1. To the nearest Å, what is the center-to-center distance of segment 275-301 and segment 220-256, using C-alpha atoms only?
2. Measuring from label point to label point, each 7 Å out along Cα→Cβ, what is the Lys268 to Glu144 span in nm?
3. What would the Debye formula give as log10 I(q)/I(0) at q = 0.07, 0.08 Å⁻¹ for the alpha-carbon point model of the chain, no solvent?
4. Over segment 107-195, with every protein chain in place, what whole percent of the accessible area is carbon and sulfur at 1.4 Å, could you tell me?
5. Using Cα positions and a limit of under 28 Å, work out the lysines in reach of Lys373, with same-chain residues fewer than 8 apart set aside.
6. With a probe of 1.4 Å, find how much accessible area segment 77-181 has per residue, and write the answer as a whole number in Å².
7. Nearest 0.05, what FRET efficiency do Ser50 and Ala115 give at R0 = 35 Å with Cβ-Cβ as r?
8. Read phi for every residue in segment 245-260 and hand back ³J(HN,Hα) as whole Hz from Karplus 6.51 cos²θ - 1.76 cosθ + 1.60, θ = phi - 60°, with x for Gly and Pro.
Amino acid sequence: MEVRVRYAPSPTGLQHIGGVRTALFNYFFARANGGKFILRVEDTDRERYSDESLQDLYDTLSWLGITWDEGPVVGGPFGPYVQSERFALYRQYAEQLVRDGKAYYCYCTPERLEALRVKQQAEKSEQQGYDRHCRHLTEEMRFEYEKAGIKPVIRLKVPTEGKTTFHDVLMGDITRRNRDVSPDPVLLKSDGFPTYHLANVIDDHMMGITHIMRAQEWIPSGPLHILLYEAFGWEPPLYCHLPMVMGKDGQKLSKRHGSTSVRDFRSKGYLPEALMNYVSLVGWSYDGQREFFSKDDLEHLFCLEKINKAPGVFDYKKLDWFNGQYIRQKSDEELAQLLLPYLEDAGFLPSELSASQQEKLMRLTSVVKERLKVLGDVVELSRFLFEEPMYEDVNLFAAKGVQLSDALEALEKAYAILRDGLDRKLEHAAIEQSLTELATQLNLKVNGVFMPIRVALTGSTVSLPLFDSINLLGQDATCARIENALALLKREVR
Ligand code: GLU
Ligand code: ZN
């Protein structure tokens, strides 16, 4: 049996971690089994649909390097299947069910349904939802309604007795009493739009889907879908509902925990390889040990048996760690290309670099490479290189517990040592040694000497290692900045 799986998102929001994990599991499962991966856009809910979400779906999959294997050919390489282009099919099958006595036309007006709802609520009636009023309409009544021009919906005849069971590869058998399944749900709306259930089941059947891997939140739809397959006389696919993705606090992953949309992760500077690797480990493992998997590895090694039954925890720190690892695997040239857009956005560099800018970029890249968690970190780490420091708060020059006047003295003396050392092209270690000795003489901790230099050069108390900053700035700018800072401090203190 050829494996055929699909990712069937509704373009009603940005692609998020949970959705992308579903896409990846399906994709890897298809690849690992020599099967087919299908993309199906479930855009029947026109109120919640947005072009932006659809574009985001394509951008996300292409960023991750996920391609699909089939689709209707509309003048060129095939697009994905799109439900809104298939309405005629859904209508045809819904009408087929009516002819077979498995579904029926319902002419109830929205007003009647609303009145029904209010009445049920007021009476706290056990029966909730549609009262199956039109299930037994006579031909005459139907004719009257038609004559009055009322456009009907089509509803499924859900059995009122018995139970429905479906088997889930992970969860085992899931059984529901039929009377607890939604009472005769709408399959086709009066405007000809299918509901999710109808379109989803017809498409999975028509596309020969063998395994349905989707989020666990779809389990409640399971029994209804089985009833639909039965009504059509079709064999249902195998189900494998994926455990939830949760935050560290055990709650469903949401914006409260941090970014959840792939677009956000991407713009912060997570690499697709890192995100893909990490997301694949949320709810799946190979042998419980190995952590690094390339896309190619996963295309060979992925299997359903290793999917966890327990919810997967999404750990932002762990993702940062993976991202750092993948960043450090890049060559300096590759990394520089990835950093450039961030430096451009910050207004630090133009997109067309002069030779000296190119050289600066390469030097910067080799220094920041070890320190980046995400590509976007490069902006704050390198701001000092492209902008003059502001020195907004003079107190920053004084390390904790140090008087401003003592910081001034330390900076004056340190500057003399530093300039002399740079002039004589001494080893950095030697200059550092002298600065450390200066701290002892002045009865300060080393930070008492290094902090004012750091702040003078960068305007900030956190920066790249001091001598890396000096190297990047060059001797002239280094000296000029320290002199400026000294002048400022003198005005403050004296
Ligand atoms: N369109 C549904 C969604 O947005 C698909 C659910 C399914 O995979 O059956 O998740
Ligand atoms: Zn009705």
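1. 23 Å
2. 6.3 nm
3. -0.58, -0.68
4. Using a 1.4 Å probe with all protein chains present, segment 107-195 comes out at 53 percent carbon and sulfur.
5. Leaving aside lysines fewer than 8 places away in the same chain, those within reach of Lys373 are Lys248, Lys252, Lys255, Lys268, Lys295, Lys317, Lys318, Lys330, Lys360, Lys400.
6. 64 Å²
7. That gives a FRET efficiency of 0.55.
8. Taking θ as phi minus 60°, the curve returns 9, 10, x, 5, 7, x, 9, 3, 4, 8, 4, 4, 7, x, 4, 10 Hz for segment 245-260.
The values are calculated or read from the model by the stated rules, or taken from the named source; none is laboratory data. In this text, all values refer to a predicted model and were calculated from it rather than measured experimentally. For neighbour counting, all protein chains shown are included, and Cβ atoms are generated from backbone atoms with ideal geometry for every residue, glycine included. Protein only, heavy atoms only, side chains kept; ligands, DNA and RNA dropped before computing areas. Shrake-Rupley method; radii C 1.70, N 1.55, O 1.52, S 1.80 Å.
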